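For reference, the structure discussed in these notes is given below.
The values are calculated or read from the model by the stated rules, or taken from the named source; none is laboratory data. Note that the structure is a prediction, hence the values are computed from the model and not measured. Positions of Cβ are generated from backbone atoms using ideal geometry, with glycine treated the same way; all protein chains shown enter the neighbour counts. Heads up: the accessible areas ignore ligands, DNA and RNA and are worked out on the full protein's heavy atoms, side chains in. Shrake-Rupley method; radii C 1.70, N 1.55, O 1.52, S 1.80 Å.
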Amino acid sequence: MALLIKNGTIITAESTSQKDILIEGDKISRIEPNIIIDGIEIINAIGKYVIPGGVDVHTHLDMPLGDIVSRDDFETGTRAAAFGGTTTIIDYATQTRGMRMQEALEHWHRKATGKAFIDYGFHMIVTELGNSFDEDIKDIIRAGVTSFKLFMAYPGSLMVGDETIFQALKISSEYGGLICLHAEDGNDIDIRVKQALEAGNISPKYHALTRPPSTEAIAVKRAIELAAKAKAPLYIVHISSSDALKEVEHGKQMNLPVLGETCPQYLFLSIDDIDRPNFEGAKYVFTPPVRERDHQEALWQGIKLNIIDVVATDHCPFNFIGDKELGHDNFSKIPNGGPGIENRLHLLFEGGVNKKRISLNRWVDLVSTRPAKIFGLFPRKGTISIGSDADIVIWDPNKEHIISARTHHMRVDYNMYDGTKIMGDATTVLLRGKIIISEGKWQGRLKHGTFLTRKTPNIR
Ligand code: DUC
Ligand code: ZN
Ligand code: ZN
């Protein structure tokens, strides 16, 4: 089956061009001006941008948290992602204590197989290394899961000590893997949380006030020192503050292989949101927390200066009714996480391109190309080039779209950006040459999202 995309403006991280794209089977086979072939299906992209499908490298679908589970599974989450122009995700599989990494991976495969509408890979969350960690890390990398996440926060559940982080950095880098770190000082935060609750401070905003920027920056600094000692690359997930950003900048200035990720919530939301009345602030409880407004501009600046490499979502949806309410009388019991898988390209386009903070090419780089490169998917994903998977989004820069929980496709009862006006939207979306959304209408009858075995990361 062949398909021709005509008359669009192709935007990649490197270039902007007026060319047609021929797709044969799963792949892009020709990119040339004015391709004419009779008798095949044509998509007319006149007046539209033609971009590589978005790559969201930070999601939590079907993720258990205490007695509840994140509300989107691999079916609803990947469908919502596609509506926003994302065609690849990397989700976090979790190895809990006492469990081998292989077991966790099989478990996550069972969650996703046959359910996903877009392609997916996994990272492995590691909560303990165990006796055979060297073998385990090697096996997991061989299975195509080439990155691992460790936590410096949540003592008693996810947090690991510096010795574990150091070992993981060393061993995984020997086999070409990449360590992703959740950098917040968990012990310091726990003391602050206890003090707040003892003083009767129970409302959602204390989630942010007990995790000040210093608790993030100190952890980022320590993490970079550990990575330098281990001579290993390091990827800091969900950077939320200018303080943490400065540590990453410093690491980069020292020529250390440190990479930074931020998320739209840190570019668009602030402490004013978590302080909304009637417990509405709970909708904005995720970790690290929202910050004072001036951190937003610092992060945009970090994007401009390439201190931030990737914008991912950390999509981890819980309902306001029923889920977030669990913390009505105690902010520390509010499930941590917010929805966003559908709106990443929208928000970065509006706040970045339309507000003239970044170019169209940098937009594509941040949401597709750079994450694909870093996490071993390039050039199969993350670009429009001959031989790449035909994961393509037709983006209409003139289509107005107001974000709303009433119309979004995520299976969650609120949207953190409700009412935000976006000029620009994904209108047609292709996954490996198959049209899954056509002019805004769902066409994805088959769940033909597949697991991606990733190559070793490319951090340059
Ligand atoms: N960290 C994440 O990356 N996601 C959800 C919660 C958390 O602490
Ligand atoms: Zn985290
Ligand atoms: Zn996360």
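Only one of ILE137, ILE141, ILE90 is open to solvent by 10 Å² or more (accessible area, probe 1.4 Å), in contact with a Gly (Cβ under 7 Å, 6 or more places away or on another chain) and within 25 Å of LYS170 (Cα to Cα); which?
Being open to solvent by 10 Å² or more (accessible area, probe 1.4 Å), in contact with a Gly (Cβ under 7 Å, 6 or more places away or on another chain) and within 25 Å of LYS170 (Cα to Cα) holds for just one of ILE137, ILE141, ILE90, which is ILE141.
Identify all residues within the stretch 69-85 that are assigned to a loop (DSSP other than H, G, I, E, B) and among the charged types (D, E, K, R); write none if there are none.
The first filter runs over the stretch 69-85 and keeps only residues assigned to a loop (DSSP other than H, G, I, E, B), leaving 70-73, 84-85.
Answer for the stretch 69-85, where residues must be assigned to a loop (DSSP other than H, G, I, E, B) and among the charged types (D, E, K, R): ARG71, ASP72, ASP73.
Determine whether PHE148 is aromatic (Phe, Trp, Tyr), open to solvent by 20 Å² or more (accessible area, probe 1.4 Å) and not in a loop (DSSP other than H, G, I, E, B).
Here the answer is no, as PHE148 does not meet what is asked.
When you check LEU169 against the structure, is it closer than 30 Å to THR453 by Cα and either more than 16 Å from ligand 1 (Cβ to nearest atom) or not in a helix (DSSP H, G or I) (or both), yes or no? Break it down into steps so the answer makes sense when it comes.
On the way: closer than 30 Å to THR453 by Cα: yes; either more than 16 Å from ligand 1 (Cβ to nearest atom) or not in a helix (DSSP H, G or I) (or both): yes.
Yes, satisfied.
Can you pull out every residue in the stretch 378-409 that is among the aliphatic types (A, V, I, L, M) and open to solvent by less than 10 Å² (accessible area, probe 1.4 Å)?
ALA390, ILE392, VAL393, ILE394, ILE403
Quick one: which of TYR92, TYR49, TYR120 is among the aromatic types (Phe, Trp, Tyr) and within 16 Å of ligand 2 (Cβ to nearest atom)? First the steps, then the outcome.
Details: TYR49 fails: within 16 Å of ligand 2 (Cβ to nearest atom); TYR120 fails: within 16 Å of ligand 2 (Cβ to nearest atom).
Sole residue among the options that is among the aromatic types (Phe, Trp, Tyr) and within 16 Å of ligand 2 (Cβ to nearest atom): TYR92.
Considering each of ALA230, ALA219, ALA208 in turn, give the residue that is within 20 Å of SER157 (Cβ to Cβ) and modelled with pLDDT of 95 or more.
When all the criteria are applied, what remains is ALA219.
Which condition from (1) open to solvent by 10 Å² or more (accessible area, probe 1.4 Å); (2) out of contact with any helix residue (DSSP H, G or I) (no Cβ under 7 Å at 6 or more places or on another chain); (3) closer than 25 Å to TYR49 by Cα is the one that THR450 breaks?
Result: THR450 passes all but (3).
Among the residues of the stretch 246-257, is there at least one that is within 16 Å of ligand 3 (Cβ to nearest atom) and either buried (at least 24 other Cβ atoms within 10 Å of the Cβ) or within 20 Å of THR210 (Cβ to Cβ) (or both)? Write out each step before concluding.
Start the filter on the stretch 246-257 by keeping residues that are within 16 Å of ligand 3 (Cβ to nearest atom), which leaves none.
Within the stretch 246-257, not a single residue is within 16 Å of ligand 3 (Cβ to nearest atom) and either buried (at least 24 other Cβ atoms within 10 Å of the Cβ) or within 20 Å of THR210 (Cβ to Cβ) (or both).
Identify all residues within the stretch 37-65 that are more than 14 Å from ligand 3 (Cβ to nearest atom), among the aliphatic types (A, V, I, L, M), open to solvent by less than 10 Å² (accessible area, probe 1.4 Å) and not in a strand (DSSP E or B); write none if there are none.
ALA45
ALA227 fails exactly one of the following numbered conditions: (1) open to solvent by less than 10 Å² (accessible area, probe 1.4 Å); (2) within 16 Å of ligand 1 (Cβ to nearest atom); (3) free of Cβ contacts under 8 Å to residues at least 60 places away in the same chain. What is the number of that condition?
(2)
Given the options ARG362, ARG357, ARG370, ARG344, name the one that is in contact (Cβ under 8 Å) with a residue 24 or more places away in the chain and surrounded by fewer than 19 Cβ atoms within 10 Å (Cβ to Cβ).
The conditions single out ARG357.
Among GLU342, GLU292, which is under 17 Å from SER70 (Cα atoms) and either more than 16 Å from ligand 1 (Cβ to nearest atom) or hydroxyl-bearing (Ser, Thr, Tyr) (or both)?
GLU342
Taking helices (runs of 4 or more DSSP H) that fall entirely within the stretch 238-283, which contain at least 2 residues that are at pLDDT 95 or above and over 17 Å from ILE218 (Cα atoms)?
Where helices (runs of 4 or more DSSP H) fall fully within the stretch 238-283 and carry at least 2 residues being at pLDDT 95 or above and over 17 Å from ILE218 (Cα atoms), they are 264-268, 271-274.
Here's a check for you: in the stretch 172-184, which residue that is touching a Lys or Arg at 6+ places or on another chain (Cβ under 8 Å) and open to solvent by 10 Å² or more (accessible area, probe 1.4 Å) is nearest to ligand 2 (Cβ to nearest atom)?
So, considering only residues that are touching a Lys or Arg at 6+ places or on another chain (Cβ under 8 Å) and open to solvent by 10 Å² or more (accessible area, probe 1.4 Å), the one nearest to ligand 2 (Cβ to nearest atom) is SER173.
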